[in-house]
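Written out below as structure tokens is the structure these notes cover.
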Amino acid sequence: MENRNFYNEILTEHNMHPDFKHDIEDADIVLDGINPSCGDEIQLKLKTDGDIITDGAFVGDGCAISQASTDGMLTCHTIFELEYADIFMRMIRGEASDEEIDSLEEASALRDISHMPARVKCAMLGWRTLSEALKGK
């Protein structure tokens, strides 16, 4: 029950008070993420300094899980690494180790999404978009 309460608190906090849901006008990388099965849409905006992402934000609309997951993703790490997107996506599929999940900090609260198949694409939208953005960098 404690884990479920933590999940609900994180989800609610990121939906009611998202820190990273805003525009970045001079972003170096802008990439759209769309989940056609439910209509979630985000636009991920990243500022870079060489190979380091120094700032990130997103705009868009979608369900509570997609929005909270994307905001939580941007909260987790100020310097993004493709590895974290891979770990998150494996966690959502139920394939990541506990140690890997712990490295995701707040985003680890979404680990139980792996038991909700209809919500997996929602939780992965921001992370999948980040992964695509970084592969193109």
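The values are calculated or read from the model by the stated rules, or taken from the named source; none is laboratory data. Quick caveat: nothing in here was measured; it's all calculated off a predicted structure. Cβ coordinates were reconstructed from backbone atoms using ideal geometry, including for glycine residues, and neighbour counts include every protein chain displayed. Surface accessibility is based on the protein's heavy atoms, side chains included, excluding ligands, DNA and RNA. Shrake-Rupley method; radii C 1.70, N 1.55, O 1.52, S 1.80 Å.
Per-residue answers, yes or no, for (1) more than 28 Å from Asp112 (Cβ to Cβ); (2) of a type in the set (A, V, I, L, M, F, W, C); (3) open to solvent by less than 40 Å² (accessible area, probe 1.4 Å); (4) not in a loop (DSSP other than H, G, I, E, B):
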| site | (1), (2), (3), (4) |
| --- | --- |
| Ile42 | no, yes, yes, yes |
| Lys45 | yes, no, yes, yes |
| Thr48 | yes, no, yes, yes |
| Thr54 | yes, no, no, yes |
| Ala57 | no, yes, yes, yes |
| Ala68 | no, yes, yes, yes |
| Thr75 | no, no, no, yes |
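Taking Ala118, is it small (Gly, Ala, Ser) and open to solvent by 50 Å² or more (accessible area, probe 1.4 Å)?
Yes.
Could you say whether any residue in the stretch 86-107 is of a type outside the set (D, E, K, R), within 15 Å of the chain's Cα centre (by Cα), modelled with pLDDT under 85 and assigned to a helix (DSSP H, G or I)?
Yes: one or more hits.
Of the residues Leu130, Leu31, Leu134, Leu125, which is in a helix (DSSP H, G or I) and open to solvent by 10 Å² or more (accessible area, probe 1.4 Å)?
Of Leu130, Leu31, Leu134, Leu125, the one residue that is in a helix (DSSP H, G or I) and open to solvent by 10 Å² or more (accessible area, probe 1.4 Å) is Leu134.
Pull up the stretch 1-27, narrow it to residues that are open to solvent by 90 Å² or more (accessible area, probe 1.4 Å) and at pLDDT 85 or above, then point me to the one that is nearest to Leu125 (Cα to Cα).
Asp19
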